[in-house]
Amino acid sequence: MAAASTSAPLPSARFRCFAGCAGTFPVTRALYTCPTCGGLLEVAHDLDALAHMRSGPAWRELFDARWSPRVTASVKPSGVWAKREWIAPELPDEDIVTTGEGMTPLYDAHRLAKEVGFGELFVKQCGNAHTGSFKDLGMTVLVSVVRHAKRIGALPVRAIACASTGDTSAALAAYGAAAGLPVVVLLPHGLVSTAQLVQPLAHGAKVLALETDFDGCMAIVKELAARELVYLANSMNPLRIEGQKSVALEIAQQLGWDAPDWVVIPSGNLGNSAALHAGFAMAKALGVIERLPRLVIAQAERANPMYRAVSAGRSTVEAVVAQPTQASAIRIGNPVSAPRAMAALRAMNGVGEAGSAHEPADACARADRSGLYACPHTGVAIACAMKLRARGVIGERERVVVVSTANALKFTEFKLAYHERRIEGASSRLANEPVVLRADVETVAAQL
Ligand SMILES: *Cc1c(COP(=O)(O)O)cnc(C)c1O
Ligand SMILES: [Zn+2]
């Protein structure tokens, strides 16, 4: 196994235009769009330097050695920073802001798989996280780079800000608090769960609840960032994608460095779909995996601009006004990362699918009965996977990974509504309510 030779170029990462305009820029710059065309940016890694540093098998060996219970000074106990050369290679140790994100379980949902006819079904439990969603994975990178940029005097902006459907603001507020940096979050008033609202409040963020939807909040925070009043922490900022990329790497690693046949991901702003592709593509380019999985972008039927575009054979996504859905974190009508997700679908021979208003609730209930505790977004993904299986798009022997994006403990209202049979259209076939009894042994025994 070749260690890095001293004469080899060190790996580096720079911003560049996603559409291919010339020029690269330091990742410490507060830059969110291409200065030439105004389009999205991406982080470009020096793949030659990384390939020169280690072979594919040697990278696997290194990453496996770092997936360890030991806490050492040089390796942070974090699934993101365990792969730091591929994510933020130039960031000094001292600037890393981590809560021990990543290294989440790949749950073998074999009972559910059997019940609904999958060969193999795994659930990547990204909600088993510090703030209860996958958003921690991107936020550790973004906040660490901001801390570094401020320390070297490259970033004059004082506060970090985001628009959020709940989970982004929870993650940003936690990492901002851990770093001692001020945070401002813009939420659609009344449209996030109680747990999600309390999180940024508890971390001391400035919480602005706006009388609009997510897309309305996004438009405003983009303008605040353009005026250099805040640093933008939404996934339009490609630093988020870099950390979220680790989900793809972990899935491959947990399957013995093999890609599954399918990855199904619930999507709103479409940054996470793009991140999955970025991770799998990098692993393939560096010889760590041999093939890419196929991608399913799962959307809620009432917020499905990507699904509509794919179904109509269009390569551009037209904004819609997102309607209410239980899957509140993906109630997004004008997804910022649409061009990135389109490219991901193309490269991964992917498909779009949408779950209707009630299907995710029923899918969650079935998943919960098999031992999972699925949030409504995970329910959308499971429902979409089931439909694709029923139509034969997903084969009966294929290996499927569903990305669970949040911890269902944040969505108690949703669970309760199902079990109290208050979700319109849901069968509530598995509804289960407490039996209230007199506290007396005979009465209780009679119930068993
Ligand atoms: C943010 C979020 C999503 C959607 O991710 P995008 O990158 O916006 O597509 C899905 N589920 C949950 C729980 C989320 O918090
Ligand atoms: Zn450009």
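The values are calculated or read from the model by the stated rules, or taken from the named source; none is laboratory data. Worth saying up front: this structure is predicted, and the values here are computed from it rather than measured. Don't worry about glycine lacking a Cβ; one is built from the backbone with ideal geometry, like all the others, and counts go over all protein chains shown. Just the protein is used for accessible areas: all its heavy atoms, side chains included, with ligands, DNA and RNA removed. Shrake-Rupley method; radii C 1.70, N 1.55, O 1.52, S 1.80 Å.
Points to keep in mind about this one:
- Semi-axes of the equivalent ellipsoid for the stretch 1-138, computed as √(5λ) from the eigenvalues of its C-alpha gyration tensor and ordered from largest down, come to 30, 22, 17 Å.
- Our summary gives the stretch 287-402 a relative contact order of 27 percent, counting only alpha carbon pairs under 8 angstrom and 6 or more residues apart.
- Taken over the stretch 170-286, the convex hull of the Cα atoms encloses 135 Å³ per residue.
- Protection proxy ranking, peptides 30-41, 159-170, 185-196, 403-414, average beta carbon neighbours within 10 Å, highest first: 159-170, 403-414, 185-196, 30-41
- Total charge dipole magnitude, the stretch 199-291, about the Cα centre, Cβ charges on Lys, Arg, Asp, Glu only, Debye to nearest 20: 200 debye
- Geometric extent, Cα atoms of the stretch 328-448 - Rg, Dmax (angstrom): 18.4, 64
- Note that the stretch 261-322 presents 34 Å² accessible area per residue, ligands and nucleic acids not counted, probe 1.4 Å.
- The stretch 1-133, relative contact order in percent, only Cα pairs under 8 angstrom and at least six apart counted: 19 percent
- For the stretch 107-160, the alpha carbon convex hull comes to 105 Å³ per residue, rounded to a whole number.
- The convex hull around the C-alpha trace of the stretch 226-276, projected and averaged over every direction, spans 4.1 square nanometres.
- Sequence-distant aspartates and glutamates (8 or more away, or on other chains) whose Cα lies within less than 19 Å of K76: E61, D64, E85, E90, D93, E94, D95, E101, D136, E242, E250
- Across the chain, Cα pairs under 8 Å and at least six residues apart give a relative contact order of 15 percent.
- Candidate lysines - alpha carbon under 25 Å from K415, same-chain residues fewer than 8 apart omitted: K114, K124, K135, K387
- Computed from backbone phi with θ = phi - 60° and the Karplus coefficients 6.51, -1.76 and 1.60, the 3J(HN,Hα) list for the stretch 325-342 is 8, 4, 7, 5, 6, 10, 7, 9, x, 10, x, 5, 8, 3, x, 5, 5, 4 Hz; x is used for glycine and proline.
- Extension reserve of the E120-E413 stretch, reckoned as 0.36 nm per residue once the Cα distance is removed: 102.4 nm
- In the chain, the DSSP beta bridges split such that about 35 percent are antiparallel, to the nearest 5.
- Surface accessible to a 1.4 Å probe, F122 within the full protein complex, Å²: 20 Å²
- Average accessible surface for the stretch 116-191: 26 Å² per residue, computed with a 1.4 Å probe over protein heavy atoms with every protein chain in place.
- Solvent-accessible area, 1.4 Å probe, carbon plus sulfur percent, for the chain: 52 percent
- Taking Cβ atoms as reference points and 11 Å as the exclusive limit, the residues near Q323 contribute a net charge of 0, counting Lys and Arg as +1 and Asp and Glu as -1.
- Using bins of 20 Å that start at zero, the share of Cα-Cα pairs per bin across the chain amounts to 26, 58, 14, 1, 0, in whole %.
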